[in-house]
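Here is the structure we will look at.
Just so it is clear, none of the values below were taken in a lab; they were calculated from the coordinates. All values reported here derive from a predicted model rather than from experimental measurement. Don't worry about glycine lacking a Cβ; one is built from the backbone with ideal geometry, like all the others, and counts go over all protein chains shown.
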Amino acid sequence: MRRYLVKRVLLALGILFSISLITFFILNIMPGDAVALMLGDTADPNTIETVRHNLGMDRPMWEQYVDWIVGVFTGDLGTSYFQRKAVSDLLLTAFGYTARLAAVSYVIALAVGLVAGIVSALNRGTILDRGLMTLTVVGISAPSFWVAIILQIFIGLRFKAIPISGLDTPISYLLPCISLGLRYAASIARITRTSMLEVMGQDFIRTARAKGLSPWRTVMVHMFRNALVPIITVIGADIGTLFAGSMLTESVFNIQGVGKLLVDNITKRDIPVVQGCVICVAIICVVVYLAVDLLYAVVDPNIRLGGEEA
Amino acid sequence: MKRKREPSPVLTYRGYYRESWELLKRDPLAMVSLVIVIFLVIIAVFAPLIAPYDPDKQVLSQKLMDPCLEHWFGCDKHGRDILSRCIYGCRVSLSVGLVSQIIATVIGYFMGVCAGYFGGKADAVISFLIQVFSSLPDLLLAMALMFALGSGLVNLYISLGVLAWARTARLIRGTVLQLKEKEYVKSCKVDGGSDLRVILRHLLPNCIPTLIITVTMGIPSAILSEASLSFLGLGVRSPMASWGSMIAESQEFFRSKAFYSLFPGLCIIVAVIAFNTLGDGLRDALDPKLRK
């Protein structure tokens, strides 16, 4: 187990390092010059040069990268070009919003998705099952930003008590969480249904029924627990995209999270902020994937004993 | 479809693709989605003939006009016909979906075959790259690339295509690992066939079902990514109509004009559902394991 752990952690670090390298170069090769944009069209070329020099932008690319990556390890992500604030401070404030939005959305989505999936599987072939599954198809296919706008129009404007922007009161979570969570609720419902149906056909379920176990216990203890592994995979993969999805939701509902920070600064070409946001999301994703992998190792002895790796 | 092989007199096997097609025809959902996909393709190809108005023509007197007989979907903030813009938007979405998937398939097939067939160091490096590219949400990397390349249709093809290869490569790698052990591959090598011959003559035809599925499943996610990027202002350039950018434009009028954001969104949903359902049907029809 320890060998597996060390191997996975090293791999995760390697992945993070590569992502930092790739994104740094992508973001710094771009044609538009942030300094020229910052100073406006009328700026004199000498001033542009001085500012570039002061920001360290005239040094070789690899030197800038080394500086930046060393900073990442010490928690210093540079300073925003336009706001004159430390990127780490901006990120910290924004992260609070994103984390709250993502967490609440996902917990709700998980609850709704699991219940819908189980109900669907138990009522296989009925109108209820078909209706729920049709809803999930729409839920997976609808772009979250569009769902957000439609919710604003048809719920936010009808009911004055439900705010259509910000994330300040408990009720203001309602619309952003539906728009962000809908897709996840739908995909969790589908995988839960499939996974439950697979388990339902197996012998030990028949045995459990035959020995007179209550239906509730059969479903929860025998079926659901065994259906859980594929569900965990989907959950692990979702958490990464949740942050990407929150970018869109945050911009529609004007929530000052990491996504909004990223989108706002990408148009301004404030590279340190953009880089900070990207690396922040990358770290979260890689850590979550690592956690899911380790969770697997706990659940599945094959992996723990190195059977699959060999 | 390939039908060169002589049918064996003993088996009444009518060929893999014909069999798959017969199976697909029995799947009503897949057939309905196939019809919708064909419909969308026709709209995209013949957009100039089908669209009732010029999508970029601004008629200021028709600003924010409600849907009526002349303008079924109404008019936007510059007085442009929304139906015509949706029709041209179909062109953008479908072409982005298709071209980006072709790019992804070429890169992904090559990488996947190298990893699966040669194994060893090549496999280690490519598998690592696959993991790197699948660790970040697609949209985030696509945003970074669009930021670097600038907005525009061609750049959309490139960034979405370059980023989608990892999924194809992983599937192809798995398929090739299985195929490598087959007798016909081994006997080709014993016969003195070169690696290139094995890859093109024996592995490629057997990977095509996997590729058909990944392309069909990749198109809807590319369509959604394109819409998201255009919505954020990182997609197509301004006057060009895209479903995503139309929704972005409609945002400021959501209080008074609900129809404005409604129609482009419905277009996205229809297209994505159609491709996803068709992909599901194709997967069931092409997977020999599911055949009885």
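Counting other Cβ atoms within 10 Å, which trypsin sites (Lys or Arg not before Pro) in segment A:143-245 have at most 11 and lie in a DSSP loop?
Working: sites: A:158, A:160, A:183, A:190, A:193, A:206, A:209, A:211, A:217, A:225; in loops: A:158, A:160, A:211.
Hits after loop and neighbour filter: A:158, A:160, A:211.
Label residue A:226 and residue B:39 with points 7 Å out from Cα along Cα→Cβ: what is the distance between them in nm?
Spacing of the two 7 Å Cα→Cβ label points: 4.3 nm.
I'd like the FRET efficiency for residue A:207 and residue B:195, computed as 1/(1 + (r/R0)^6) with the beta carbon distance as r and R0 of 60 Å, rounded to 0.05.
According to the calculation, E is roughly 0.70.
Note down, for segment A:143-239, the three equivalent ellipsoid semi-axes (square root of 5 times each alpha carbon gyration tensor eigenvalue), biggest first, whole angstrom. Don't skip to the answer; put the middle values down first.
Details: eigenvalues 304, 43, 23 Å².
Working through the eigenvalues yields semi-axes of 39, 15, 11 Å.
With each pseudo-label sitting 7 Å past Cα toward Cβ, what's the residue B:118-residue A:254 distance in nm, one decimal?
Each label point lies 7 Å from its Cα, and together they span 5.5 nm.
Sort B:131-144, B:109-122 for me by packing, meaning the mean count of neighbouring Cβ atoms within 10 Å per residue, highest on top. Walk me through the numbers before you get to the answer.
On the way: B:131-144: 22.6, B:109-122: 19.1.
Sorting B:131-144, B:109-122 by mean packing, highest first, produces B:131-144, B:109-122.
Quantify how strongly other chains surround peptide B:145-157 by giving the mean number of their Cβ atoms within 10 Å of each of its Cβ atoms.
Working: counts 5, 2, 12, 9, 4, 3, 0, 0, 0, 0, 0, 0, 0.
Whole-number average of other-chain Cβ neighbours for B:145-157 is 3.
Need one number: convex hull volume per residue for chain A, Cα atoms only, in Å³. Provide the component values of the computation, followed by the final result.
Values: hull volume 54.6 nm³, N = 310.
Cα convex hull per residue, to the nearest whole number: 176 Å³.
Taking only the alpha-carbon positions of chain B and ignoring solvent, what does the Debye formula give for the base-10 log of I(q)/I(0) at q = 0.09, 0.14 Å⁻¹?
Per q value, in the given order, log10 I(q)/I(0) is -0.54, -1.05.
With +1 assigned to the C-beta of every Lys and Arg and -1 to the C-beta of every Asp and Glu, and no other charges, what is the dipole magnitude of segment A:87-309 about the Cα centre in debye, to the nearest 20? Please report the intermediate quantities before stating the final value.
On the way: 17 positive and 13 negative charges, 173 e Å.
It works out to roughly 820 debye.
Could you tell me the distance between the Cα centroids of segment A:118-139 and segment B:156-230, to the nearest Å?
33 Å
How far, in nm, would the chain grow between residue A:169 and residue A:295 when pulled straight, counting 0.36 nm per residue and subtracting the alpha carbon separation? Don't skip to the answer; put the middle values down first.
Numbers: separation 126, 0.36 × 126 = 45.36 nm, distance 3.47 nm.
Length difference between fully extended and current span is 41.9 nm.
For peptide A:286-297, what's the mean number of Cβ atoms from other chains within 10 Å of each residue's Cβ? Before the final figure, lay out each step's value.
Details: counts 4, 0, 1, 3, 1, 0, 0, 0, 0, 0, 0, 0.
For this peptide, the per-residue mean of nearby foreign Cβ atoms is 1.
Quick one: grab Rg to one decimal and Dmax as a whole number for segment B:144-292, Cα atoms only, in Å.
Final numbers for Rg and Dmax: 20.9, 73 Å.
Restricting the calculation to Cα positions, tell me the Rg (one decimal) and the Dmax (whole number) of segment B:139-189 in Å.
Rg, Dmax (Cα atoms, Å): 17.5, 50.
Using packing as a proxy for protection, rank B:93-106, A:61-74, B:217-230 so that the peptide with the highest average count of other Cβ atoms within 10 Å comes first. If you can, show how the numbers build up before the last one.
Values: B:93-106: 21.6, A:61-74: 13.3, B:217-230: 25.9.
Highest-to-lowest ranking by the protection proxy: B:217-230, B:93-106, A:61-74.
Whole angstrom only: what separates the Cα centroid of segment A:180-247 from the Cα centroid of segment A:40-80?
Their Cα centres are 50 Å away from one another.
Inside 10 Å of the C-beta atoms of A:136-148, what's the mean count of C-beta atoms belonging to other chains?
Numbers: counts 0, 7, 3, 0, 6, 13, 7, 14, 3, 10, 14, 2, 4.
What the average comes to for A:136-148 is 6.
How big, in percent, is the set of alpha carbon pairs in segment A:109-158 lying more than 12 Å apart?
Details: 847 of 1225 pairs.
Value for segment A:109-158 (Cα pairs over 12 Å): 69 percent.
Starting from the Cα of residue A:211, draw a straight line to each of the aspartates and glutamates and keep only those under 13 Å, dropping any in the same chain fewer than 8 residues away.
Candidates past the 8-residue exclusion: A:203.
If you keep only loop residues by DSSP, which trypsin sites (Lys or Arg not before Pro) in segment A:48-97 have at most 14 other Cβ atoms within 10 Å of their Cβ?
Within segment A:48-97, the qualifying trypsin sites (Lys or Arg not before Pro) (loop, at most 14 other Cβ atoms within 10 Å) are A:84, A:85.
Can you tell me the FRET efficiency between residue B:17 and residue B:182 if r is taken as the Cβ-Cβ distance and R0 is 25 Å, rounded to the nearest 0.05? It would help to have the intermediate numbers written out before the result.
Working: r = 19 Å, r/R0 = 0.77.
Result of the calculation: an efficiency of 0.85.
So for the pair residue B:125, residue A:58, with labels modelled 7 Å out along Cα→Cβ, what separation do we get in nm?
In this crude spin-label approximation the distance works out to 3.7 nm.
Amide H neighbours of residue A:79 under 5 Å, at least 5 residues apart or on other chains, H built in the peptide plane: list them.
It is A:87, by chain and number.
P(r) for the protein assembly as shown, please, calculated from all Cα pair distances in 10 Å bins and given in %.
So the P(r) values, bin by bin, are 3, 14, 24, 27, 20, 9, 3, 0, 0.
Where in chain B are the DSSP H helices whose C-alpha atoms run 24 Å or more along the long axis and whose mean Kyte hydropathy is at least -0.5?
Numbers: long enough: B:28-45 (26 Å, 3.13); B:82-113 (45 Å, 1.43); B:204-231 (39 Å, 1.26); B:258-286 (42 Å, 1.32).
Correct list, ordered by number: B:28-45, B:82-113, B:204-231, B:258-286.
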